[in-house]
Amino acid sequence: MSAQRQEMVRRFAAPDIAARKGGVPVVCLTAYTAPMAELLDEHCDLLLVGDSVGMVVHGLPNTVGVTLEMMILHGQAVMRTAKRAMVVVDMPFGSYEGAPEVAYANAARVMKETGAQAIKVESGPTVVETIDYLVKRGIPVMGHVGLRPQAVHVDGGFKAKGKGGDERARILAEAKATAEAGAFAVVVEGVAEGLAREITEAITVPTIGIGASAGCDGQILVTDDMLGLFDWTPKFVRRYGDLRGEISKAVAGYADDVRARRFPGPAEIYFAKAG
Ligand code: KIV
């Protein structure tokens, strides 16, 4: 068996994640680069090459400006080092909301050029038909309901969803339709706890929560948020590190040493061979 084939066998895939419904919670994080994916791989079941890369890495104000080429480049980087976790690549805004045939061509390109095992789409009402179309043609799909970051201009900002009334019923219906269309898991973002639990009970595939309480079958966070790389994070993020402080301290130390000619020292330079 070739090394590549062996790798495929031991890596988590869509059916493994789907089978975790109601079991041990599914551990997911975002990954955009090869070194970070290598670090996360042993701890996570699923790595999402999220279109949040636009905001986190490229400094965009939202995810609307993210392109297919950006997603492919970051997907390739993650796939080079993630060996065990399932890798899912986000379809960017404008690449899947129109005709299902166009969505298929773009999703197939992402899968061929990155080697990732699945794609994710934000499942508004019209996207359900596309999920069905993609799954029937061999593309595993993860859905995404509740706060949909790509709808930022329609919503007028990033706002928690489904606190009551029609919106709550609409999100529940979208989650059910997404699962019925064949999604292997559904990200539930920025919804009140009661709705997250209701969705989790109503659908047969795992719900992966972000800002959606512990009432989901798994959790995902933006890695850079939970590592403390930013000076602000949303309410639902728990900071498990202080990378911002650590990086600032390390860079200040380097700058001081360079200015004082303490770096490089004898241990960090090459010497000519004696004789
Ligand atoms: O793009 C992303 O990082 C996401 C997660 C927040 C679920 O969609």
Item to check | Probe 1.4 Å, all protein chains present, accessible-area order of Tyr133, Tyr240, largest first | outcome: Tyr240, Tyr133
Item to check | Out-of-range pairs (alpha-carbon distance over 24 Å; input Lys136/Lys161; Lys163/Lys235; Lys136/Lys163) | outcome: Lys136/Lys161; Lys136/Lys163
Checklist outcome for this item: Charge tally for neighbours of Leu243 with beta carbon under 13 Å away, counting Lys, Arg as +1 and Asp, Glu as -1, is -2
Item to check | Label point distance in nm, Glu129-Ala255, each placed 7 Å from Cα along Cα→Cβ | outcome: 5.6
Checklist entry - Once both labels are modelled 7 Å past Cα along the beta-carbon direction, what's the Arg170-Phe158 spacing in nm? => result 2.1
Checklist entry - How large is the dipole of the chain about the Cα centre if only Lys and Arg carry +1 and Asp and Glu carry -1, each at its Cβ, rounded to the nearest 20 debye? => result 580
Item to check | In degrees, nearest ten, helix 243-259 long axis to first principal axis of the chain (Cα) | outcome: 20
Item to check | Surface share of carbon and sulfur [accessible, 1.4 angstrom probe, percent] for the chain | outcome: 58
Next on the checklist: Just to confirm the number: angle between the C-alpha axis of helix 165-180 and the first principal axis of the chain, 0 to 90 degrees, nearest 10?
Outcome noted: 80
Item to check | Heavy-atom surface of the chain, accessible at 1.4 Å and reported per residue (Å²) | outcome: 51
Item to check | Orientation-averaged projected area, Cα convex hull of the stretch 3-241 (nm²) | outcome: 11.8
Checklist outcome for this item: To the nearest 10 degrees, the tilt of helix 68-81 (Cα long axis) against the first principal axis of the alpha carbons of the chain is 60
Checklist entry - With labels modelled as points extended 7 Å from the Cα through the Cβ direction, what inter-label distance (nm, one decimal) is found for Ile269 paired with Ile247? => result 3.1
Checklist entry - Do the sum for the chain: with -39,500 (n - 2.57) for every DSSP H run of n ≥ 4, divided by all residues, what is the mean residue ellipticity at 222 nm, to the nearest 500 deg cm²/dmol? => result -12000 deg cm²/dmol
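The values are calculated or read from the model by the stated rules, or taken from the named source; none is laboratory data. Computed from a predicted structure; not experimentally measured. With ideal geometry, Cβ positions are generated from the backbone for all residues, glycine too; neighbour counts draw on all protein chains shown. Surface accessibility is based on the protein's heavy atoms, side chains included, excluding ligands, DNA and RNA. Shrake-Rupley method; radii C 1.70, N 1.55, O 1.52, S 1.80 Å.
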